[in-house]
């Protein structure tokens with residue numbers, strides 16, 4: 001009898017594993033196909049985490065839920081207005097200032113191609129067939145406009161406001177139903193399961209709140225230091241690069257590299273590869289390394305409990321599923337999944353692989 005029970009439990013375990021293997025690709029494809037719905041929902045959930053201290057404070061003061069939602073809406077609208085104004089100013093500076101860099105970029109690209117061709121000819125490398133294009137024609141104003149391309153990118157970024165209404169609707173429903181969660185749990189779960197579920201949700205909320213707060217402060221400090229360096233060295237587009245330094249630092253590993261490369265490229269187009277550009281580049285890179293590799297790990301500590309390789313894997317995976325938005329949310333989403341897996345089974349294999 002004992003052997004039959006063990007065999008039955010083993011069969012059930014394998015059935016669960018196989019069903020999980022089948023379900024994961026289906027769920028991933030649903031997330032990817034319906035990203036226009038899930039992305040605003042995820043934004044709303046993260047905003048509810050951000051506003052959780054405020055909602056708890058107002059609930060403790062017996063403030064009506066409608067007033068709480070109105071206060072949140074006003075704060076979000078003010079932040080959106082400030083962000084839109086910053087992006088509009090950045091777009092305007094790019095559109096008006098970038099055309100004069102087009103000629104410099106053409107000249108430097110031609111110089112690089114000529115130097116590479118001469119070097120390859122010296123070592124008898126057959127690369128002529130790979131260099132059959134005209135840099136001037138490629139970057140000519142009639143065929144390609146840097147200002148138009150950058151303007152399109154900024155316009156696409158501003159297009160995020162199209163989902164603003166859906167995000168607000170999701171957020172209001174989440175906040176309105178927050179107080180009813182305890183009543184719903186009491187109807188379907190035992191006392192121990194209720195405590196366990198509340199502990200799980202509180203743990204996820206606390207870790208994501210700490211991650212977002214730490215990441216925001218670190219990214220803001222990085223952007224401010226980068227903007228100060230740009231002003232000291234006379235590098236153009238300070239506001240644009242400051243915004244990019246702030247936003248891209250939310251993308252682990254890759255974001256800081258791209259954020260550093262943009263102001264370095266602008267400095268290079270201004271004065272070429274001279275001592276000024278080299279010094280500025282070293283300082284920008286040192287700033288990113290200081291904040292990203294020294295200060296942030298010290299402040300963040302073991303709160304997220306994710307291995308570095310899993311951070312990179314989650315970045316690639318969620319980037320494939322939801323694009324840039326997925327990269328921004330890759331770490332907190334993976335951390336939340338890890339917390340839930342640990343609560344279900346502390347010794348599960350997936351959590352052991354994910355955790356640091």
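The values are calculated or read from the model by the stated rules, or taken from the named source; none is laboratory data. Everything quoted here is computed from the prediction, not taken from an experiment. Note that we place each Cβ from the backbone using ideal geometry, even for glycine, and neighbour counts take in every protein chain shown.
Just to check your reading of the model, which residue among 295, 258 is more than 30 Å from residue 111 (Cβ to Cβ) and part of a helix (DSSP H, G or I)?
Within the list 295, 258, the selection yields 295.
Filter segment 228-257 down to the residues that are more than 22 Å from residue 324 (Cβ to Cβ) and surrounded by 15 or more Cβ atoms within 10 Å (Cβ to Cβ) and list them by number.
Those that are more than 22 Å from residue 324 (Cβ to Cβ) and surrounded by 15 or more Cβ atoms within 10 Å (Cβ to Cβ): 229, 230, 233, 235, 236, 238.
Find all pairs meeting these conditions: Cβ atoms under 6 angstrom apart; at least six residues apart or on different chains; first residue within segment 190-213 and over 18 Å from residue 328 (Cα atoms); second residue in a helix (DSSP H, G or I) and modelled with pLDDT of 75 or more.
Listed by first residue and then by second, the contacts come to nothing, as the list is empty.
Give the residue, chosen from 249, 253, that is under 20 Å from residue 314 (Cα atoms), at pLDDT 85 or above and within 19 Å of the chain's Cα centre (by Cα).
Residue meeting the stated conditions: 249.
What's the number of the condition residue 69 fails, among (1) at pLDDT 70 or above; (2) more than 30 Å from the chain's Cα centre (by Cα); (3) surrounded by 14 or more Cβ atoms within 10 Å (Cβ to Cβ)?
(2)
Pull out all pairs, ordered by first then second residue, where Cβ-Cβ is under 7 Å, the residues are six or more apart or on different chains, the first lies in segment 234-257 and is more than 15 Å from residue 328 (Cα to Cα), and the second is at pLDDT 85 or above and assigned to a loop (DSSP other than H, G, I, E, B).
Listed by first residue and then by second, the contacts come to nothing, as the list is empty.
Tally up the residues in segment 307-327 that are over 19 Å from residue 33 (Cα atoms) and part of a helix (DSSP H, G or I), please.
The number of residues fulfilling the criteria is 6.
What's the number of the only condition in (1) at pLDDT below 80; (2) under 30 Å from residue 60 (Cβ atoms); (3) surrounded by fewer than 18 Cβ atoms within 10 Å (Cβ to Cβ) that residue 272 fails to meet?
Only one criterion is unmet by residue 272, namely (2).
In this structure, does residue 56 turn out to be surrounded by 10 or more Cβ atoms within 10 Å (Cβ to Cβ), free of Cβ contacts under 8 Å to residues at least 60 places away in the same chain and farther than 17 Å from residue 330 by Cα?
yes
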